[in-house]
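The values are calculated or read from the model by the stated rules, or taken from the named source; none is laboratory data. What you see is a predicted model; the values in this text were computed from it and never measured. Neighbour counts are summed over all protein chains in view; Cβ atoms, including those assigned to glycine, are modelled from backbone coordinates with ideal geometry.
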Amino acid sequence: MENSFKLPKSISSEILRLKEMPPAYWEKMGERHAMQLFAFAAKTVPAYKTFLLKNGVRPALIKHIKDYQKVPIMNKNIYLRKYSYPDLFPNRELTATHTFSATSGSTGEPFYFPRNSVGDKQYQYFSEVFLVDQFAINQKKTLVILSFGFGMWIAGISTFTYLNALAEKGYPLTVVPTGPNIHFFLGTIKKFAKEYDQVILFGYPPLLKDILDEGQHYGVSWKKYHIKIVTSGEGFSEEFRSYIAKKAGIKNPLLDIVGLYGSTELSGMARETPLSILIRKIAQQHKKVFSELFPGVSSMPSLCQYHPQLIYFEEQEGNLLVTGNASVTPLLRYQFPDRGGVISYNTMRAKLRGVGFDMDALIRKANIARYVMKLPFVYVSERSDKALFFYGINIYPESIKIALFEKSITHLVTGRFYMETIEDKTMRKILNIHIELKAGLHKNEAIHRAVHATVITVLRTRHAEYNHLFLQFPKRALPHINLWNYHSKPYFEIGQKHRWIPKF
């Protein structure tokens, strides 16, 4: 089972299969994958055997997917950190591991996830599909620049590994792993981009925005190149997509900007597609669509499609559960701190029809029919650990992100911020927002007034609960805005993954 995934002999034939096979085919494949992985783990993983025994589960009785959906949920604390590390491995074979990736350690000691070629091949397949289908890397000379951090964090090393494998496979692809160094990144653009048919920028959304903004100071004219963008690490708003599309000279954001949903545990899990982006845009424009697709969600979630033959998603009480084996240690009904849900392809069509939208007509109008794969959808709203609790309401980073992209202040700020709640001497809670100014600017009263006013306006217009709080307690609801020079410590130091709020 641990070596069951094999790369297709022909990626073109595989892409055709992804488009032609009906939704039920992929859903059944996902269920079969989950059941096979469960049987394998229950037989070979000592920790999982004990875990099932303690929870009164007899593996022999788990015969159908409905049985599997009653198997106990696992997470880091009740499973991964609970048992001896070697016992998490099939047959306790640590040597099956080729490398380790680490989580950030936000709740204590980092956890180390073992990886081998199975996970690398799955990530290669996951990415090769859209790189060939949407970006035509099999036909165009392509320069790829990676701004992900390198080291034990998964994004940089894993992305470089599979891109290097694609180059060795024969694609006309050159990979430059600059890491988060903007000087190296833009220097690479200036020196080499003109020699290629297209340039793909990989990175975390806020850093890619910095790079695009800084380009003008380096004499980079983005519109001279055919830019494509792949992001990971966090979601972003449609306002952000529009902003970077305009900056990069991207004419079709449905095709040329792809957000990935991944994790240290299981690498690439889902991705934006032209169809998922189109549906998200419609949901943003029409409240009835938003309410139908994302019940109980307060801010616009990311919407992706996933490959069930690689990963099996479930939704339970608004939380996402995932089953997969991209790590050497199989994960079964593993719970992330992500709020979200799963929508089958046919259910998505029915939901849209129920609120007056014909999905097939939308596809034809957007001219994306040739890119549509009938895969299931997964949506991810703010993580359960990415909201601040302030006077009885949740304040999400998404609202502040949108505010900092308002035309009135986008020339003043980079879009990066860090927010926290603190208590003053009287124990009064204060919403503290630290905001980074663009390079060359220094804080002054005029800038502070403009930024403060915009943040308040956006919070009040986009967040009904905040507006209610503001009307009740205008002085207490006002956030404290702190402006910081570009890349200044401790919140905006270059070279590290940016955080929007404290990690709990």
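Quick rundown of the values:
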quantity	calculated
Among the candidates F236, F202, F240, residue that is closer than 21 Å to K407 by Cα, aromatic (F, W, Y) and not in a helix (DSSP H, G or I)	F236
Residue check for A270: of a type outside the set (S, T, N, Q) and crowded, with 20+ Cβ neighbours inside 10 Å	yes
Evaluation of R17 against (1) of a type in the set (D, E, K, R); (2) within 22 Å of K169 (Cβ to Cβ); (3) modelled with pLDDT of 95 or more; (4) more than 27 Å from the chain's Cα centre (by Cα) (one fails), failing number	(4)
Test: residue in region 293-305 that is assigned to a loop (DSSP other than H, G, I, E, B), surrounded by fewer than 23 Cβ atoms within 10 Å (Cβ to Cβ) and of a type in the set (S, T, N, Q)	yes
Subset of region 294-338 [touching a Leu at 6+ places or on another chain (Cβ under 6 Å) and either of a type in the set (A, V, I, L, M, F, W, C) or at pLDDT 90 or above (or both)]	Q305, E314, T323, G324, N325, A326, T329, P330, R333, Q335, F336
Breaking point among (1) of a type outside the set (A, V, I, L, M); (2) at positive phi; (3) out of contact with any Gly (no Cβ under 7 Å at 6 or more places or on another chain); (4) surrounded by fewer than 20 Cβ atoms within 10 Å (Cβ to Cβ), for Q316	(2)
Scope region 252-282; condition among the hydrophobic types (A, V, I, L, M, F, W, C), in a helix (DSSP H, G or I) and closer than 27 Å to G30 by Cα; matching residues	L254, L255, L275, I277, L278, I279
Selection count where residues are surrounded by fewer than 19 Cβ atoms within 10 Å (Cβ to Cβ), more than 17 Å from P502 (Cβ to Cβ) and not basic (K, R), scope region 413-446	10
Matching strands (runs of 3 or more DSSP E) fully within region 71-178 where at least 2 residues are under 30 Å from K228 (Cβ atoms), at pLDDT 85 or above and touching a Pro at 6+ places or on another chain (Cβ under 9 Å)	142-146
Residue under evaluation T329, criteria (1) in a loop (DSSP other than H, G, I, E, B); (2) of a type outside the set (G, A, S); (3) more than 24 Å from the chain's Cα centre (by Cα), criterion not met	(3)
Residue match in region 481-501 (condition: surrounded by fewer than 18 Cβ atoms within 10 Å (Cβ to Cβ) and assigned to a helix (DSSP H, G or I))	no
